[in-house]
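The values are calculated or read from the model by the stated rules, or taken from the named source; none is laboratory data. All values derive from a computational prediction rather than experimental measurement. Here Cβ is always computed from backbone atoms with ideal geometry, including for glycine, and neighbour counts include all displayed protein chains.
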Amino acid sequence: MAQTLDTLVRRTDSIQGIRSVVHTMKTLSVINAAPYEHAALAIEAYHQTVLDGLHAFLSGAGPLDAASSDIALRVIVVFGSDHGLCGNYNEAIAAHVRQHVDKDPGEATTVLCIGAQMADALQDQGFDIENTFFPAASVDGLERLANLLTERLDEIRRASHPREIAVSLAYSARGETDVPTLKIVALLPLDPSLLHDLRTKPWDSRSLPYYSMPPGDLFRALIRNHLFASMFRAAADAMVTENAARLALMQQAEQSVDDRLEELKSDTRTLRQTEITTELLDVIIGFEALKKKKPAR
């Protein structure tokens with residue numbers, strides 16, 4: 001169907017409006033990622049302090065008993081997105097979790113999910129969701145989310161006592177080349193290599209570490225803070241990669257919009273030139289007709 005000049009102008013205005021929205025979303029993705037990057041760096045420093053505390057505890061308490069192999073439950077905390085416009089972000093993580101669980105189908109698996117859209121993606125993979133939490137709406141919400149998850153894990157650990165639980169985090173983080181990488185990080189039981197490194201690491205001070213809390217209470221407090229810091233960092237990394245995924249998608253959308261806009265402008269120029277040519281031909285034809293009708297003197 002032939003397009004009129006008015007139709008092309010309306011379509012061009014509409015595409016320009018869409019391009020403005022896409023450009024705004026792209027800018028917001030860049031702006032929103034920066035606070036989460038800073039939060040990830042800050043919690044990393046806090047986590048190092050927790051590990052220093054664990055180092056001090058091991059220096060005074062000596063080797064811990066070997067972790068029990070009697071695992072009552074496997075808990076996977078999956079970080080997703082509810083903000084949209086980031087492609088198959090949730091579906092890719094859910095499929096990765098499915099592959100991870102299928103490799104070791106031994107223990108029963110409990111899933112704690114962040115984001116309703118992630119819950120849908122996990123259910124499509126055949127998971128039953130134990131709890132669904134709202135993602136952090138801003139960097140201030142990271143602490144709230146990490147606290148809620150830590151409290152829920154405490155409840156699950158108490159319910160399974162005296163048997164232990166295995167806790168893993170599943171999220172997307174930026175790799176060494178800034179390419180998003182799907183990660184599944186085991187938190188509990190503690191990595192034996194981590195405990196060995198902390199126990200054998202020399203205490204860099206002339207004063208030996210000392211603590212007045214009962215050893216069991218101190219160790220539980222350190223583990224809780226280890227879980228909190230790890231989940232805070234995972235939530236921050238997930239938000240950084242979510243915004244990175246949205247930025248990449250908006251860049252593709254912007255390119256597509258620019259291509260469509262260029263096509264519409266080209267069609268508009270062609271149609272305008274055609275109409276001008278038609279009008280000039282009408283004028284010339286009319287002039288020639290008048291010349292023929294004019295009587296000779």
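Quick notes on this structure:
Yes/no matrix, rows are residues, columns are (1) polar (S, T, N, Q); (2) at pLDDT 90 or above; (3) over 13 Å from the mean Cα position of the chain (by Cα); (4) within 21 Å of residue 179 (Cα to Cα):
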| residue | (1), (2), (3), (4) |
| --- | --- |
| 20 | yes, no, yes, no |
| 28 | no, no, yes, yes |
| 36 | no, yes, no, yes |
| 55 | no, no, yes, no |
| 75 | no, yes, yes, no |
| 88 | yes, no, no, yes |
| 108 | no, no, yes, no |
| 121 | no, yes, yes, no |
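- Whenever a residue of the stretch 221-248 is within 16 Å of residue 191 (Cα to Cα), it has no partner that is of a type in the set (Lys, Arg) lying with C-beta atoms less than 6 angstrom away and at least six residues away or across chains.
- Just one of the listed residues (218, 264, 208) is more than 33 Å from the chain's Cα centre (by Cα), of a type in the set (A, V, I, L, M) and outside any helix (DSSP H, G or I), and it is 208.
- Checking 281, 271 one by one, the residue that is in contact (Cβ under 8 Å) with a residue 24 or more places away in the chain and not aromatic (Phe, Trp, Tyr) is 271 and no other.
- The set of residues in the stretch 5-48 that are touching a residue at least 40 places away in the same chain (Cβ under 8 Å) and among the polar types (S, T, N, Q) comprises 12, 16, 29, 32.
- Close Cβ contacts (under 8 Å, 6 or more residues apart or on different chains) running from residues in the stretch 170-181 that are modelled with pLDDT under 70 to residues that are among the small types (Gly, Ala, Ser) comprise 178/244.
Residue-wise test of (1) under 43 Å from the mean Cα position of the chain (by Cα); (2) surrounded by 10 or more Cβ atoms within 10 Å (Cβ to Cβ); (3) at pLDDT below 85; (4) farther than 30 Å from residue 84 by Cβ.
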site	(1), (2), (3), (4)
252	yes, yes, no, no
260	yes, yes, no, no
271	no, yes, yes, yes
292	no, no, yes, yes
